[in-house]
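Report on one structure; see the data block that follows.
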Amino acid sequence: MTKTLAGSIIMTCLCMSSLAQTAEQLAAYKAVVQSQENFNRVQREAGMTEMAVPTFEEWLKAEEEKASSPAPAVSAEKQEDPEIKWEKKLEKIRPQLCELKPVKDKSKPVRSAEAIKEKERLLKAADKAFEKQAEIERKLDAIAAKHGVERTRKNAEGKTRVLAGEFDGYPVWIESHNLSAAAGISADELWPTNSAPWPSSSTGRDLTGTNVILGMWEAEGGVLTNHQEFSGRVLQMDVPAKLDNHASGVAGTMAAGGSTISLPGLPTGELARGVAFHAYVDAYDVEEFNAELASASAGTTNIVGLRTSNHSYGIGSAWDIAYIDEYYYNGQMHSFGDIYWVWTQYPGYIEDPICGLYFPNTDGTGCNEIDAFMSTNAPRHLLVYSSGNNRNWGPGTAGGYFIPSSNGWDLVYYTKDWSSGDGDLGFDTVMSPSVAKNVLTVGSVKDVYHDEGGKPAWGYASNSTVTVSGFSACGPTDDGRIKPDVVAVGEADSFVRSYGIVTPISSATDGYTKNYDGTSFSAPLVTGGIGLCQERRNQLFSNLEPETDDLLNSSLKALAIHTADDVNNTGPDYLTGWGLFNAVSAVEQIELDAQHGRGTHIKELELSVIETNSWTVYLDGSAFKATIAWSDLPGEFTGYVDDDTPMLVNNLDLWVENEAGTQIFQPWVLDPDLEQKRESVRNTSATTGYDDINNVEQVVISSPAPGYYKIFVTHAGGTSGGQTPSMQKVSILTSGDTPLAPEIEEIAQSPTNGTFLLSVECDPGAHMMVETCSDLSSGSWQTNGTFTTVGNTNSVFVTSSSDVRFWRVRRETGISQ
């Protein structure tokens, strides 16, 4: 079969009236020529090959041969009852049958059954979570009473810690991850011209976060909503115990309006501008996390429901600092009166037991609760988490430290890992809930800049040096998965500036700080950047139904990963994940999908166990990349420290082959070295191979030979010793490829009415439009409806009562703006 490239419009026609016999052969010939020319005009518009127009002599000879040919013998199949034959055909094509949906009109909204079902599921989850809240409160009160602690406390740095549960009989606390940045993820290039106080190359897209709603949950407290940066765009959706600078700073990183500020040490004209500076923000504290999360996702606080939310907090390290008034040692009490290191977990552990652990918190903020929520209840809500700041955290050198006891504090000298993490690089330091499989976990790097004419300029370029922040928690997780997923700027680089991240604070409506750093501020950069991607997609596809057409959370996660700049070892690594988040590249991927047709470069498929889906693309020699991600069912917490039991439930695989099948390109893999934990192994560049650990896979072909290639995605089942696998939705992103044009393979008519079965050859997951007309010469095509392909061969029902009817199919492209 001849292959044609995307952009072609495939047309077929069904003529239900035969050519009338006439003595005036010339008139008949002219009619044939006119029909042929009409057909060729459509082919030219589509950029396809035209059919040759026969001369009168050629046509007459063909007619005479046709008339003299004996009638073909009637086969047994053709003798079969037409209705029985039709029913057999329908039964055969049932797995490939697609629903032809009416064209969407936002002025006449119609909620689909799928949308209603998804909303009802979320509302039920919210009701159930609210019912469980009283039980969660009772359990946390009991844990607090058992250990003689308050539910909320501050450490010696003034950082708020919120009780989340206990592990091995010791309390577990959630804390914020606080320790310039929009340019570091290239977001300023998406803004309107002159939106930044430094020279930047605006791409003319003028994205600001307009009509986008972002969410945030905070451990420290609430946002000062009437700060001059927010102009009524930030709403505190609950009643926090207090307002907090950290909360206002996180909200500002996402959506501060960009007032010109003046603080000592800041350059003239400094702006506290958030990434999506016209976006709305719904803010919450973590006190009723589960119930609020489900409710917000269902749309009880806004019509659509949250699609992206930021979470700059996580379980705190076993190492902490506290003010020690007095302590017990050698049988007696001693006065101290100073701040010093304390160990807050079971003293028998040498290393922090919760680092890398897939841990379920009592308060519902744990890994398995979040993975269950994202995979089952809220498949379109992406939760973005900061990776944490506890890499290399601790005393650093051997010596005495304090542990809580019945005496208050005991001075001890038990051997410990004196800095969190394995080896000098601090591997295995990400903590719950950032360890969860389905969230987008964000680490921190220092300011990103490049050389431009011998001077530093903000933003990433090929000559940039990207430095991972010393505090930024990294992988692998205890079961060997890659974390963080991406990185963004969360720390100033003293080479280019002498102040930290500038954000609004809660002390005054015009209050600011210039001293923040931490993964708490790299995460909301990415959250805001994803908000700009959502804004751009809404522009390109303005008539979509949000409840069923908004991207899956796995698609948004894959978008961030697929378009990230590879800044450390080639391929993924445990320090920077899949690379530096790039807002411009992410928006370009959205635009690529709109250009070639929705579902062409951002696909969303559903695979049953052991099912494989594949399709062919054309590679012109440019670098090619394919990424898959899926929101997996929750793993099972074993309770054991450093347990390497796989948390992956549904094991999906990605690979690419050349047309001949002689070359197979496998995804990146890393060796987590869970047995020996060797730093040299964990810091080695990725290779390629089989991955049954991660729920993200990526294939890269840097310099493919031009030609046709086949992409394969398969559901391989479960993992050894893991849970029972089940049907799984998966997101697939590709770039550097050109899709093949869809082709109408067959039209079959029902023997009893004007229903026709239209069979189309196309790649799976593509959104197609069916158009029709009754007169090619008019050039007037009407849209019958839309359908989403499920495999390589797809069928839809169309109807017609006309004697002559033409149909064509084309991809649903976005509106260019």
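The values are calculated or read from the model by the stated rules, or taken from the named source; none is laboratory data. Since we're looking at a predicted model, the values are computed, not measured. In this analysis, Cβ positions are derived from the backbone assuming ideal geometry, glycine residues included, and neighbour counts consider all displayed protein chains. Heads up: the accessible areas ignore ligands, DNA and RNA and are worked out on the full protein's heavy atoms, side chains in. Shrake-Rupley method; radii C 1.70, N 1.55, O 1.52, S 1.80 Å.
Is it the case, given these coordinates, that Arg805 is touching a His at 6+ places or on another chain (Cβ under 7 Å), farther than 22 Å from Asp653 by Cα and either loosely packed, with under 15 Cβ neighbours inside 10 Å or not β-branched (Val, Ile, Thr) (or both)?
Values: touching a His at 6+ places or on another chain (Cβ under 7 Å): no; farther than 22 Å from Asp653 by Cα: yes; either loosely packed, with under 15 Cβ neighbours inside 10 Å or not β-branched (Val, Ile, Thr) (or both): yes.
Here the answer is no, as Arg805 does not meet what is asked.
Residue-level check: of (1) over 23 Å from Pro433 (Cβ atoms); (2) open to solvent by 60 Å² or more (accessible area, probe 1.4 Å), Trp615 misses just (2).
If you go through the range 127-165 and pick out every residue that is part of a loop (DSSP other than H, G, I, E, B), open to solvent by less than 60 Å² (accessible area, probe 1.4 Å) and at pLDDT 65 or above, you end up with 2.
Here the range 599-611 is the region considered, the condition is being open to solvent by less than 30 Å² (accessible area, probe 1.4 Å) and over 28 Å from Asp188 (Cβ atoms), and the residue that is nearest to the chain's Cα centre (by Cα) is Lys603.
Count of the range 301-343 residues, restricted to those that are at pLDDT below 90, β-branched (Val, Ile, Thr) and buried (at least 20 other Cβ atoms within 10 Å of the Cβ), is 1. For first residues located in the range 670-699 and over 17 Å from Asn438 (Cβ atoms), partners that are open to solvent by 60 Å² or more (accessible area, probe 1.4 Å) and at pLDDT 95 or above and lie 6+ apart or on another chain with Cβ distances below 6 Å form the pairs Val681/Asp671; Thr688/Gln666; Gly689/Gln666.
Tell me which of these Lys61 doesn't satisfy, since it passes every other one: (1) part of a loop (DSSP other than H, G, I, E, B); (2) at pLDDT 60 or above. Only one criterion in (1) part of a loop (DSSP other than H, G, I, E, B); (2) at pLDDT 60 or above is unmet by Lys61, namely (1).
Conditions tested, residue by residue: (1) buried (at least 18 other Cβ atoms within 10 Å of the Cβ); (2) assigned to a loop (DSSP other than H, G, I, E, B).
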residue	(1), (2)
Gly639	no, yes
Asp644	no, yes
Glu675	no, yes
Ser680	no, no
Glu697	yes, no
Tyr708	no, no
Val713	yes, no
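Kindly indicate which of Gly470, Gly490, Gly443 is modelled with pLDDT of 90 or more and in a loop (DSSP other than H, G, I, E, B).
The unique qualifying residue is Gly470.
Only one of Val496, Val489 is surrounded by fewer than 23 Cβ atoms within 10 Å (Cβ to Cβ) and of a type in the set (Val, Ile, Thr). Can you tell me which?
Val496
When Thr627 is tested against (1) of a type outside the set (D, E, K, R); (2) assigned to a loop (DSSP other than H, G, I, E, B); (3) within 30 Å of His381 (Cβ to Cβ), exactly one condition is not met: (2). Is it true that some residue in the range 752-770 is open to solvent by 20 Å² or more (accessible area, probe 1.4 Å) and within 23 Å of the chain's Cα centre (by Cα)? Yes, because at least one residue in the range 752-770 is open to solvent by 20 Å² or more (accessible area, probe 1.4 Å) and within 23 Å of the chain's Cα centre (by Cα).
Against the list (1) modelled with pLDDT under 80; (2) buried (at least 16 other Cβ atoms within 10 Å of the Cβ); (3) part of a loop (DSSP other than H, G, I, E, B), the condition Leu207 fails is (1). Candidates in the range 400-440 are the residues that are part of a strand (DSSP E or B) and within 24 Å of Asn694 (Cα to Cα); of these, the one that is modelled with the lowest pLDDT is Asp422. Taking the range 740-765 as the range and being in contact with a helix residue (DSSP H, G or I) (Cβ under 9 Å, 6 or more places away or on another chain) and part of a loop (DSSP other than H, G, I, E, B) as the test, the residues that pass are Ala741, Ser750, Pro751, Thr752. The residues on offer are Leu592, Leu532, Leu544, Leu559, and the sole one that is modelled with pLDDT of 95 or more and open to solvent by 10 Å² or more (accessible area, probe 1.4 Å) is Leu592.
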